[in-house]
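Here is the structure we will look at, set down as structure tokens.
What follows draws every value from the coordinates through simple rules; no lab data is involved. Remember, predicted model here, so these are calculated numbers, not experimental data. Methodologically, a virtual Cβ is constructed for each residue, glycine included, from the backbone with ideal geometry; neighbour enumeration extends over all protein chains shown.
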Amino acid sequence: MPGQPPPTSPQPHPHRQDVADVARLLVVKVGTRVLTGANGLLEPHRIEALGRQFDALLASGRSVVLVSSGAVGAGMGRMGLSSRPQELAHLQAVAAIGQSCLIEAYERAFRSRGRHAAQVLLVADDLQDRARYLNIRNTLRALLDYGVIPVINENDTVSVEELRTSFGDNDRLAALVATLLGAPLLVLLSDVDGLFDRHPSDPAARKLDTVEKLDAGIDGLARDTLGGLSKGGMASKIKAARIATEAGGHCIIASGRDDRVLDRIVAADTVGTLFVGRGTAMPAWKRWLGWSADARGRIVVDGGARGAVVSQGRSLLAAGVRAVEGNFTAGEVVSLVDDEGEFARGLANYPADDLRRIVGLKTEQIVDTLGYCSYEEVIHRDNLAVIRRDAPSGSAR
């Protein structure tokens, strides 16, 4: 009608625009259910859609790393299997068969657009060892410099959870890769549109567009329906989001069945659920300490010590230590725990046996007990990474 202003396009949410602006490097995880159909076979149009979107990301000046599930599902399809093998050796064999199918499919999709894929297979030990961790980071950066898309997966043929060589699921692996590279955005693509306030099958379910604080209430919204080919679920995605956001990055959980989902994310559309990062990027050294390093023991602390470490950024002193678990030497990584679980990791300044002798002591009493006082702190704040700030679900706090 005359006199009325022309219609305007909806403005992007400020958080979404901020994320789109900083997302020059994306780590994108694609789940099994995105890539395969009900019969376990890879669906070529899904790979093709990803290839087109990744090409667009690179053309816009961004870099992207892909963490892809689907090897077991692809192997089952190649071998004509109708159910996931239960015996470990057979499961790993199927993964080995499927991994070649998976990387071939990505390479075809990328090569048709002048891009290339680089296969990178990891086990947890690769990131726990500091030297190997740095070597992997340098290799990935070099691949990105070449304009190549690294395609990362867990090396299922050698990963054994009982031997602590398994990441557990590719959501966690993707989060660790994001912290490794300091990526400002982790995108977890699944068969769901995001995090809902109740089970997505409930007609009254409402998708949460933004999560600004990851607390126990958000943990309680995870409704996993494990089965079929997928090993992860919403609970694992929330854990991955916690890693990414605590390290200073952002995380988006969205549906990979939307063939424009990545286009929409970098256009600041409100797609999926955005988990907002803390705003301050954690230093690279602390990112390794907090999530990739293998803890050799545990230090149990009181509430005052937890508050000083988490809320005030202070070092851990002997006065706040209640107990010491495990055998570790000075300089090894240990977990800090209280009645609510693990909340930080750091480098111990004292070996376990000596630390047990000074539990609860004031700093000036250490030399009288040990005969020496190399450090005033049990763990110095420069060598300490907070990995959880809230009380976990089910806590009495």
task = Please work out the ratio of the alpha-carbon Rg of the chain to 2.2 N^0.38 Å and round it to two decimals.
result = 1.07
All lysines inside 26 Å of LYS239 as judged from Cα atoms, apart from same-chain residues fewer than 8 positions distant = LYS29, LYS207, LYS213, LYS231, LYS286
note = From fewest to most C-beta neighbours within 10 Å, the residues LYS286, LYS207, LYS213 line up as LYS213, LYS207, LYS286
Convex hull of the range 323-378 built on C-alpha atoms - directionally averaged projected area, nm² = 3.8 nm²
note = When HIS380, HIS45, HIS250 are ranked with the fewest other C-beta atoms within 10 Å first, the list becomes HIS45, HIS380, HIS250
task = Go ahead and estimate [θ] at 222 nm for the chain from helices alone: -39,500 (n - 2.57) per DSSP H run with n ≥ 4, summed, over the residue count, rounded to 500.
result = -10500 deg cm²/dmol
key: Interchain or long-range residues, amide H under 5 Å from VAL67's placed H   = VAL28, LYS29, VAL30, ILE152
query = Which whole-Hz couplings ³J(HN,Hα) result when phi for each residue of the range 52-62 is put into the Karplus expression 6.51 cos²θ - 1.76 cosθ + 1.60, θ = phi - 60°, listed in order with x for Gly and Pro?
reply = 5, 5, 5, 4, 5, 4, 5, 5, 7, x, 8
Pair THR369, THR210: separation of 7 Å Cα→Cβ label points (nm) = 4.8 nm
request  = Search the structure for amide H atoms under 5 Å from the amide H of GLN119, placed 1.01 Å from N in the peptide plane, and list their residues when 5 or more places away or on another chain.
outcome  = VAL151
inquiry  = If neighbour count is taken as other Cβ atoms inside 10 Å, put VAL192, VAL72 in order from fewest to most.
reply    = VAL192, VAL72
